[in-house]
Amino acid sequence: MRMCLTSDVGGYYTGGIEKDRDQFGRKGDFITSPEISQVFGELIGIWFVAEWMSQGQPKRGVELIEVGPGRGTLMDDILRTIRNFKDMANSIDAVYMVEASKELRATQKDLLCGHDAVMKESKEGYHSQCKYSDIPIVWAETIKAIPQNPSKTPFIVAHEFFDALPIHAFQVVEVPPTQHPATASGSPRAASSNTKTTTLQWREMVVSPTPAGATHQTLGTPPSEQRDPVPEFQLTRSPAATRHALYVPESSPRYRALRSTPGALIEVCPDAALYASDFAARIGGSPRHPKARPSGAALVLDYGPADTVPANSLRGISRHRRVSPFAAPGRVDLSADVDFVAVAEAATRASDGVEVHGPVDQAAFLEAMGIRQRGEMLARRVAGPAPGAAPEPEQEQRARDIERAWKRLVDRGPDGMGKTYKALAILPENAGKRRPVGFGGDVAV
Ligand code: SAH
């Protein structure tokens, strides 16, 4: 998954797709909320403003960090919104963009800094300057490259980023007593698990070549609609315990509880846990980077189950269709459901100075943030005829488009994004006394 998405030999985001194609938009492979409606990014900007106000309106030391910024649209809408709150805008020291793709870094630079702005390289990453103000914008390839300074107040956003991080998949198998457990060679622990009774063990799902002459089914498509050629690779269950199978599914009581269920499948994303831990340490401090006073916030928006461990969710996405993840490695987007509980656990384990709210459905979050009011205001503004004039059909069409777009973000039906997508917040620990806006709380100043 990592190779297919971000390897420097042509991952999906790092040069794998044709030069004249784009990942995003109608002609691309998928469309994301910030690309559907500007209201999405505006409300996220407002969420950070509300947090900044609730945390005593710090005058300096604020950092905005976005991981996986795509075309840069979300950050552009956030910055445009924060500009209306001068004191907060002035408190921002820097904007950090964590982006693996060189091509997308250039797209983001053009949008946030202007076509003519130069991008300079340094030890930290690549630098330019925001077109709205003199705020420096810094690009890094991983969040570890961004300095961790306990005096800073980081506001972090991850939209459709965690679903792109590589997963491991495992299944529980029954190992009969007569059979010497097939083990990874030389693993002392696995060898000693040879018993006289049937045992339940984890096996990793691995990628293997498709046997000659195989027919296949694209995930989620009835056999009559199979159009794609048989992929060269398939997912199979490893006959032996891989190293990962010996420790990853044992790393949390949630996975261990499933080991008693033969056939149970789980997907685990160690990278998501690393990112969540990193966010938590920046906000709440950690033994390595103690913080006198926790500050900042992280907002994770993505799709996945609210309380169960994801299973069987690895998918390929091409031209707005779900395809086999093995259809065309490097030319097809890959993603997997986000395990929100695992993200929450990793955050609270990494820092005593944080608490987690959510996940809540995207619809509930955006409605509480005022999407209806903002959407209607925007539509009225473009539809509104000049005093004394009749409305132009073109303006009326634009108003309808705006309405359709924001409503799609909160639509709870199968085609909408209101229920599948969820929001989770990591905040400074405050003994549960203050709930953030959008998660049942109100603005507190
Ligand atoms: N947030 C954007 C883009 C989502 S697509 C939006 O909602 O429109 C995923 C983004 O994450 C892309 O910008 C991709 O290049 C980036 N990305 C994927 N894997 C990454 C990784 N391991 N490290 C850094 N960036 C990554």
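General remarks:
- Qualifying positions in the stretch 267-286 - in contact with a Pro (Cβ under 7 Å, 6 or more places away or on another chain) and farther than 14 Å from Val343 by Cβ: Arg282, Gly284, Gly285
- You will find that of Ala264, Ala328, Ala297, Ala336, the residue that is farther than 29 Å from Gly16 by Cβ and in contact with a Pro (Cβ under 9 Å, 6 or more places away or on another chain) is Ala297 and no other.
- Every residue from the stretch 107-116 that is surrounded by 15 or more Cβ atoms within 10 Å (Cβ to Cβ) and not β-branched (Val, Ile, Thr): Gln108, Lys109, Asp110, Leu111, Leu112, Cys113
Let's see how each residue does on (1) at pLDDT 95 or above; (2) among the hydrophobic types (A, V, I, L, M, F, W, C); (3) outside any helix (DSSP H, G or I); (4) surrounded by fewer than 19 Cβ atoms within 10 Å (Cβ to Cβ):
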| site | (1), (2), (3), (4) |
| --- | --- |
| Val338 | yes, yes, yes, no |
| Ala346 | yes, yes, no, no |
| Glu355 | yes, no, yes, no |
| Glu367 | yes, no, no, yes |
| Ala386 | no, yes, yes, yes |
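- Selection count, the stretch 126-151, where residues are within 30 Å of Lys422 (Cα to Cα), surrounded by fewer than 20 Cβ atoms within 10 Å (Cβ to Cβ) and either within 13 Å of the ligand (Cβ to nearest atom) or of a type in the set (D, E, K, R) (or both): 5
- Restricting attention to the stretch 269-320, the residues that are in contact with a helix residue (DSSP H, G or I) (Cβ under 8 Å, 6 or more places away or on another chain), within 26 Å of Met369 (Cβ to Cβ) and of a type in the set (D, E, K, R) add up to 3.
- Verdict on Ile36 being in contact (Cβ under 8 Å) with a residue 60 or more places away in the chain, within 16 Å of the ligand (Cβ to nearest atom) and under 19 Å from Val354 (Cα atoms): no
Okay, residues lined up against (1) among the small types (Gly, Ala, Ser); (2) modelled with pLDDT of 95 or more; (3) farther than 15 Å from Pro166 by Cβ; (4) not in a helix (DSSP H, G or I):
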residue	(1), (2), (3), (4)
Ala257	yes, yes, yes, no
Gly263	yes, yes, yes, yes
Asp271	no, yes, no, no
Tyr275	no, yes, no, no
Arg288	no, no, yes, yes
Val300	no, yes, yes, yes
Arg349	no, yes, yes, no
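- Condition met for Gly61 (out of contact with any Leu (no Cβ under 6 Å at 6 or more places or on another chain), within 15 Å of the ligand (Cβ to nearest atom) and under 24 Å from Arg434 (Cβ atoms)): no
- Positions within the stretch 65-107 being assigned to a strand (DSSP E or B) and within 16 Å of the ligand (Cβ to nearest atom), in sequence order: Ile65, Glu66, Val67, Val95, Tyr96, Met97, Val98
- Test: residue in the stretch 108-117 that is in contact with a strand residue (DSSP E or B) (Cβ under 8 Å, 6 or more places away or on another chain) and away from the ligand (no atom under 15 Å from the Cβ): yes
The values are calculated or read from the model by the stated rules, or taken from the named source; none is laboratory data. All values derive from a computational prediction rather than experimental measurement. Heads up, the Cβs are rebuilt from the backbone with ideal geometry, glycines too, and the neighbour counts pull from every protein chain shown.
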